[in-house]
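These notes concern the structure reproduced below.
What follows draws every value from the coordinates through simple rules; no lab data is involved. Since the structure is predicted, the reported quantities are computational estimates derived from the model, not experimental observations. Cβ sites come from the backbone with ideal geometry, for glycine too, and all protein chains shown count toward neighbours.
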Amino acid sequence: MIHYQPILSITGFLLVALGFVMALPALVDLSAGNPDWMVFALSGIITSLCGAVFAIAGREEEPVGLNVKQAFVLTTILWFVLPGFAALPFLGLEVGYADAFFETVSGMTTTGSTVLVGLDQLPPGIHLWRSLLQWIGGVGIIVMAIIMLPFLKVGGMQLFHAESSDRSEKVLAKSFDLAAWIGGIYMGLTALCALAYAAGGMTLFDAICHAMTTLSTGGFSTHDASFGFWGDNPTLLWTGSIFMLAGAMPFVIYIGALRGRPMGIVRDPQVRALVGLLGIVSFVLAVQITLTSSFTFNEALRHSVFNVVSVVTTTGYASLDYTLLGTFSVGLFFVLMYVGGCTGSTAGGIKIYRFVILWEIIRRQIRRLAHPSRVEPLRYAGRRIPEDVPPSVLAFLTLYVGTTVIITMILAALGLDFVTAISAAVTAVGNVGPGLGEIVGPAGNFSTLPDGAKIALTFAMVLGRLELFTVLVLLDPAFWRW
């Protein structure tokens, strides 16, 4: 039997905290003389009061730790309940709750798909709130990926639990200390990014908002043109590329570097694979753009690097409409939507380490065909991979592709054309942001989709953000038995 008191209590405390955070955009709107500050104030009060009720209802005389089942339930509940209340301020824009919830889930899962139009005319409080949602979601994703998912053994993440449990490689002993280090590094990188953006030509407000959505690999912008608003500014494009990549790196690497192990970043197989992939694909795309357009090679290179990094790290910024660069570019960016960044980062997608493990599985299978009696253990970063990791990774990859197929069929049944349906499904499950085509592409918007499609994509975003199994395990009747 699952005891729900700890779940209610933790949810309640986080709702109270969320309510207090709403005071920040309220103050920004108040200082700007915008009446929307009242919407934020009222939303904050409602959220905090409901959170207090949950916290009181879940209060226990003797606090106990969470078991595995409670952890699964809590993780899923938080990613639906928190966005449910965080959506309240968007109702002040006179949008329906389905749109408000979609926008909020897209923010907190750092997906970056949007249903809002006329971003350049929105009040500053809404821009700050959208950025805060992604920034909060980003740090929450890192903590979940490093502390929670390895514990739950989701999709091969137990591999990293095994690493963190080894005394010789243990980053920090306590989860609280680990979370504190992550928070400090996250804030430090965000501050550096904001300063770099401001020095590169952004206004201070734009720099702060974009720094939060860059490090969180979220992709929300204060302009309808996204980063295309500064498309002719090489400094900002290169700055954005660097900090998007920084957000997609495993944060335990940063902790290790600060604690005297700076070479860890070049020894990590997933880091090497990610940087290598980005370098090769960006160069090939730059050559293709140079040969088929009026861009010089330098212009093509910075746009290709920026957009390739944006899609692979699942940030979702766009410096130009890359769907107009030819069918090769369209196909390339569709494939890149599946990749994702490193584990323990803010990025979504399949994650690069799973491709590394998949390559090792394929290579071993090929060698076994030639030498059936050969015994060759799988290794990752010089360590033997536990026997339960390869099946977990293969199951995850199968389920991931299957989920995008099912979401695609649902969207097609709701009247969307195939390109829109499949790219929207892939971008939602991968938490990428823009899809392909005129409707949901980098120059488009999700606002014209029917509410049914928005609901399906909202669920897909949460499903992808929680690595699929964390949510789907709750649908198994056996989970709820003793």
Output the peptides 471-477, 365-371 sorted from most to least packed, where packing is the average of other Cβ atoms within 10 Å over each peptide's residues.
471-477, 365-371
Mind jotting down the distance between the C-alpha centroids of segment 101-143 and segment 379-457, whole Å?
19
Labelled set [x] 24.4, 78; [y] 24.6, 97; [z] 21.9, 76; Rg and Dmax of the Cα atoms in Å computed from this model equals the value at [z]
Starting with the fewest neighbours, write out 226, 294, 106 ranked by other beta-carbon atoms found within 10 Å of each beta-carbon.
294, 226, 106
Rg/Rg_globular for segment 287-417, with Rg_globular taken as 2.2 N^0.38 Å and Rg from C-alpha atoms:
1.35
Please give the calculated 222 nm ellipticity per residue for the chain, where each DSSP H segment of at least 4 residues contributes -39500 (n - 2.57) and the sum is spread over every residue; nearest 500 deg cm²/dmol?
-20000 deg cm²/dmol
Net charge near residue 106, counting Lys/Arg +1 and Asp/Glu -1 over other residues with Cβ under 13 Å of its Cβ?
+1
Points 7 angstrom from Cα along the Cβ direction at residue 413 and residue 371: gap in nanometres?
5.0
Using +1 at the C-beta of Lys and Arg and -1 at the C-beta of Asp and Glu, which of 381, 186, 134 has the Cα lying farthest in the positive direction of the dipole of the chain?
381
Given unit charges at Cβ for Lys, Arg (+) and Asp, Glu (-), the dipole magnitude of segment 41-148 about its Cα centre in debye, nearest 20, is 140
Arrange the following residues from fewest to most other Cβ atoms within 10 Å of their Cβ: 299, 103.
299, 103
Counting only backbone N atoms under 16 Å from a point 7 Å out along Cα-to-Cβ of residue 327, the residues of segment 397-427 in range are 419
